[in-house]
Amino acid sequence: MTAYVIARVDVTDADKWMEYAGAAGPTVAAHGGKYIARGGAVEGLENFEDEGKRVVILEFPDMDTARTWYNSAEYQAAKAKREGAGHARFTLVDGYDG
């Protein structure tokens with residue numbers, strides 16, 4: 001079943017963040033993932049607490065693939081580039097099979 005990684009990010013150093021994003025993108029594709037949302041406009045509709053934060057949504061074929069991507073050496077190397085670039089919260093969510 002499809003799985004999603006949702007990241008809510010407070011960017012404090014845009015240059016460092018762009019370096020991280022450039023390195024992270026290819027790792028997502030290499031693990032069968034794709035970007036659904038990548039830092040576009042955000043509008044709170046109800047009980048919104050992430051105002052001003054960048055939101056990124058990744059889609060993977062399943063939870064195991066998403067975990068494999070996150071724990072991969074390639075992504076961990078990219079992740080190291082975001083040190084000092086801001087604060088990020090990542091959540092893994094199982095999709096709905098209706």
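In segment 1-14, the residues that are touching a residue at least 40 places away in the same chain (Cβ under 8 Å) and farther than 20 Å from G98 by Cα form Cβ pairs under 7 Å with partners that are exposed (fewer than 13 other Cβ atoms within 10 Å of the Cβ) and charged (D, E, K, R), at six or more places apart or across chains, as follows: A7/R89; R8/R89.
Condition check: of a type in the set (D, E) and touching a helix residue (DSSP H, G or I) at 6+ places or on another chain (Cβ under 6 Å). Does E74 satisfy that? Yes; evaluated as a whole, the condition is true for this residue. Restricting attention to segment 45-88, the residues that are under 14 Å from A3 (Cα atoms) and without any contact (Cβ under 8 Å) to a residue 40 or more places away in the chain total 3. Taking the stated definitions as given, is W17 in contact with a strand residue (DSSP E or B) (Cβ under 7 Å, 6 or more places away or on another chain), more than 27 Å from G98 (Cβ to Cβ) and in a helix (DSSP H, G or I)? Taking the combined requirement at face value, the residue satisfies it. Of all the numbered requirements in (1) at pLDDT 95 or above; (2) of a type in the set (D, E, K, R); (3) touching a Gly at 6+ places or on another chain (Cβ under 8 Å), D10 misses one, and that requirement is (1). Can you find a residue that is surrounded by 13 or more Cβ atoms within 10 Å (Cβ to Cβ), at pLDDT below 95 and in a loop (DSSP other than H, G, I, E, B) anywhere in segment 24-45? Yes, segment 24-45 has at least one match. Each residue in segment 49-73 was checked for being out of contact with any strand residue (DSSP E or B) (no Cβ under 7 Å at 6 or more places or on another chain) and at pLDDT below 95, and 3 pass.
The values are calculated or read from the model by the stated rules, or taken from the named source; none is laboratory data. Source: prediction; values computed, not measured. Counting neighbours? That spans all protein chains shown, and the Cβs are built from the backbone with ideal geometry, glycine included.
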